[in-house]
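Only one structure is covered here, and it is reproduced in the block below.
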Amino acid sequence: MGGCLSSGSSARARDMSALDLALASRLQTYIATHPEVHASKSLTKVALSFNAMLKSFEAIRVVFTRVDADSNGTIEYEEFLAACAELRVEGEKSAGLLRDVYETADVNRDGHVDFREFVMALTLAFLIAAAERVENGEEVVSRPNEKKETEAEFLTHRCLDKVLEAWLLFDDAGEGFIHKKNVTSALASFADGAHGDHNAGASSKLISARFSEMNWDETDTISFQEFLYAVEGWCGLEDDQEEE
């Protein structure tokens, strides 16, 4: 696992966006410099960790509330940048990615970012900042540590590490993205084990539904942001509009 995509990985990811590729590279850097982050042993373990993930996601609400300056329940771009400042995201390379992160986070394209979308955006911004510090030769904070990190960094760091336990179950080669065949294989095994004597058709329906939730662009490759947003939903994190 290096800090950049291999030539083989680039070929397979040819149809991915510039943001997808940039985040995949930074994801590789983060994983390579945080050896304490391990893949979950099975999808059953992932499912059992959903409650802990949900608590981790919900903890970020304090950051959301703080940067929602106009208290309208959504985050505009300038407010997102305020949150990024708490993550100490800085530098020309990261600045160019943040606008793309914000626009990608507006999943339903309604013109603003709700809480669920904000959690995804903040996690991606933290990933960018953490990888950039490594590239700049700065000290790596391997584990969430309130004494070394701002509150936003601590909460987002913990959130990212929990999600990576699930991500690495699929991205076992450390490419920074996952393929349909990896998802199909893992979910087929989970469906058969979880539901007993179900036939292949039942498992196929589950696989198709779950993969579709992650596959925004209808390709055979899943980016980290697609995976993260889907996991938020599986854990039970809803956007504020759905809660009302």
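The values are calculated or read from the model by the stated rules, or taken from the named source; none is laboratory data. Note that the structure is a prediction, hence the values are computed from the model and not measured. Glycine also receives a Cβ, built like all others from the backbone with ideal geometry; neighbour counts cover every protein chain displayed. Ligands, DNA and RNA are excluded from the accessible area calculation, which covers all protein heavy atoms including side chains. Shrake-Rupley method; radii C 1.70, N 1.55, O 1.52, S 1.80 Å.
So the values come out like this:
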| item | result |
| --- | --- |
| Complete set of residues in region 137-167 that are in a loop (DSSP other than H, G, I, E, B) and in contact (Cβ under 8 Å) with a residue 12 or more places away in the chain | 140, 141, 142, 143, 144, 150 |
| Criterion violated by residue 64 - all others in (1) part of a helix (DSSP H, G or I); (2) modelled with pLDDT under 95; (3) touching a Phe, Trp or Tyr at 6+ places or on another chain (Cβ under 6 Å) satisfied | (2) |
| Only one of 151, 146, 79 that is among the charged types (D, E, K, R), over 22 Å from residue 226 (Cα atoms) and crowded, with 18+ Cβ neighbours inside 10 Å | 79 |
| The lone exception for residue 59 - which of (1) in contact with a helix residue (DSSP H, G or I) (Cβ under 9 Å, 6 or more places away or on another chain); (2) modelled with pLDDT under 95; (3) not hydroxyl-bearing (Ser, Thr, Tyr) it fails | (2) |
| Hey, residue 110 under 17 Å from the mean Cα position of the chain (by Cα) and either farther than 24 Å from residue 146 by Cα or open to solvent by 50 Å² or more (accessible area, probe 1.4 Å) (or both) or not | no |
